[in-house]
Amino acid sequence: MNVILAIKQYISKMIEDSGPGMKVLLMDKDTTSIVSMVYAQSEILQKEVYLFERLDSAGRETMKHLKCIAFVRPTKENVELLAQELRMSKYGLYYIYFSNVISKQDVKVLAEADDQEVVREVQEFFGDYVAVSPHLFTLNINGCCQGLNWSTDSLARSTQGLTSVLLSLKKCPMIRYQNSSETARRLAESVRQTINKEAALFEFRKTDVAPILLILDRRDDAVTPILNQWTYQAMVHELIGIANSRINLSNVPGISKELQEVVLSPEHDEFYANNMYSNFGEIGNNIKDLMDEFQTKSKSHEKIESISDMKQFLEQYPQFKKMSGTVSKHVTVVGELSRLTNKHHLLEVSELEQDIVCQGDHSAILQRIKTLIASEKIQHIDMLRLVMLYALRYESHSNNDVSGLVDALRKRGVSDRLRMMVHAVLDYGGKKSRGSDLFGNQDIVSLTKKFFKGVKGVENVYTQHKPLLYSLLDQLIKGKLKEGAYPYLGVSQLKDRPQDIIVFVIGGTTFEEALAIHTLNRSSPGIRIIIGGTTVHNFKSFLDEVAQAIQGQSSSNVGPRYHRR
């Protein structure tokens, strides 16, 4: 199971089916993201696609010598735009592909608009989700719930996205869902209804062991998105932010123009693919090795003394130039992560975060939090993390002092909106909201720090915390996941050890959970797991999710968005 490969195969098939000749790829806002995550523009150019256009952009030129491959979501707006396009066609021939099921009525609208008979193909190719890595996908839905229940549009979009994943991977699964979550039950039933309605599409060759779709609710583990991260991909998202593989470095002091926005894609960047799950200390060492290799190659290129040296240089120059770009990009990114870590004393903050969620000594933890809040060196957002984690961890403790900590935040000038998030996270993911024992089974391990010598300013912090998801999947693989807590939808049950598992997290997943899936895939022979969510969170986007989810709850008065710096 590989979601990147699934989307790539669809796009390759579209281009091949249109035959030889120059082509334009016509997309909407969503499919632009879907395509750009799996294909670099240079790769598609090699397939005779020379122009990339948005369906909703006005003033496109007429180019009758081009074939048009239209890849769009099957929305009412897109069907209307396509009908307008066909009435006044700008291109020679049209090959239309919808990313999900299209109704017969909508196909009829297009047929009636095709007076000039330019349409050669109308098909459904089920690439209706964003593939982030081979085992991680997202639907890019920010704030899927209101009043702690589905918004109608988000439920429909999640159903479409999840059924599209199943169809693209050719899986007709047994469905299990989190019993404590009404939103999980509703999505499970909605997916099953779609499978029943489109039964012909789901007639795949039967496997010995049926796949499992496990639907979870973010509210069951509100801790994971709050924590600071120490692996490369997760850390970049936490401290800088990743949006469709792009990161904005324009706020980095002294940044050059060409590095203000860079792409971090495991598909197109070998160093990133090999290091995205490495911890910060290892990244520092590996960057140093990359630099050493680059400097060696640079010196060898200085010695051009003959025609054969020139020839060799020209042959190797594209790879040399690519390596130069890779080195400058990753040195810049790691340098910025190191700067932010030192500036905001994140090692100290993170150590306390880990101890809050994994240790039990309440009075010592409370005192350490108060000390850090009183410190001038900690930024407000990290003070908030500590208090939110404390509120979740010690919600039922007899000496709980959440109100005292919130007051300490007020005295330090933390805004009303941010302070309100402490009680908001309890409404969202407190004890009453959870179906699992989030803190009960953690191993009590003292946090250790390992220092790699040779790279100044980069430290490797060992983290104790494992997401709840890790233990749930471990139980599922061993056949021990309790059916009362995670029932099957319908009468069928899996008797064998599962082989293919698709996990979906309502309210968003995290890169820490993607790392857990990566680890389980490597340590469990014969088991293939992928994970997706309505979005992929860092702490700031999670605050937005919580704020929107509890709007309309009587106990809450949480306002709108928290924007990235």
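The values are calculated or read from the model by the stated rules, or taken from the named source; none is laboratory data. Keep in mind that what you see is a predicted model, and the values were worked out from it rather than measured. Backbone-built Cβ (ideal geometry, glycine too); neighbour counts: all protein chains shown. Ligands, DNA and RNA are stripped out before the accessible areas are found, and what is left, the full protein with its side chains, is counted by its heavy atoms. Shrake-Rupley method; radii C 1.70, N 1.55, O 1.52, S 1.80 Å.
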Quiz item: How many residues does the range 1-41 contain that are open to solvent by less than 40 Å² (accessible area, probe 1.4 Å), in contact (Cβ under 8 Å) with a residue 40 or more places away in the chain and of a type outside the set (Ser, Thr, Tyr)?
Solution: 19
Quiz item: Quick one: which of Ala184, Ala200, Ala188 is in a helix (DSSP H, G or I) and at pLDDT below 90?
Solution: Ala200
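So which of Leu473, Leu520, Leu515 ends up being at pLDDT 85 or above, open to solvent by 30 Å² or more (accessible area, probe 1.4 Å), in contact with a strand residue (DSSP E or B) (Cβ under 9 Å, 6 or more places away or on another chain) and part of a helix (DSSP H, G or I)?
On the way: Leu473 fails: open to solvent by 30 Å² or more (accessible area, probe 1.4 Å); Leu520 fails: open to solvent by 30 Å² or more (accessible area, probe 1.4 Å).
Of Leu473, Leu520, Leu515, the one residue that is at pLDDT 85 or above, open to solvent by 30 Å² or more (accessible area, probe 1.4 Å), in contact with a strand residue (DSSP E or B) (Cβ under 9 Å, 6 or more places away or on another chain) and part of a helix (DSSP H, G or I) is Leu515.
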Quiz item: Just for strands (runs of 3 or more DSSP E) wholly inside the range 87-178: which have at least 1 residues that are crowded, with 20+ Cβ neighbours inside 10 Å?
Solution: 91-98, 130-133, 136-138, 174-177
Quiz item: What pairs come up if the first residue lies in the range 192-208 and is in contact (Cβ under 8 Å) with a residue 60 or more places away in the chain, the second is open to solvent by less than 100 Å² (accessible area, probe 1.4 Å) and of a type in the set (D, E, K, R), and their beta carbons are under 9 Å apart, counting only those six or more places apart or on different chains?
Solution: Leu201/Glu124; Thr207/Lys171; Thr207/Asp500; Asp208/Asp496
Quiz item: Can you pull out the residues in the range 17-40 that are in a helix (DSSP H, G or I), over 12 Å from Lys67 (Cα atoms) and not aliphatic (A, V, I, L, M)?
Solution: Lys29, Asp30, Thr31, Thr32, Ser33, Ser36
Quiz item: Scanning for something part of a helix (DSSP H, G or I) and of a type in the set (Val, Ile, Thr), does the range 63-80 turn up at least one residue?
Solution: yes
Quiz item: Hey, any hits in the range 395-418 for a residue that's under 29 Å from Ala184 (Cβ atoms) and either touching a Pro at 6+ places or on another chain (Cβ under 7 Å) or crowded, with 20+ Cβ neighbours inside 10 Å (or both)?
Solution: no
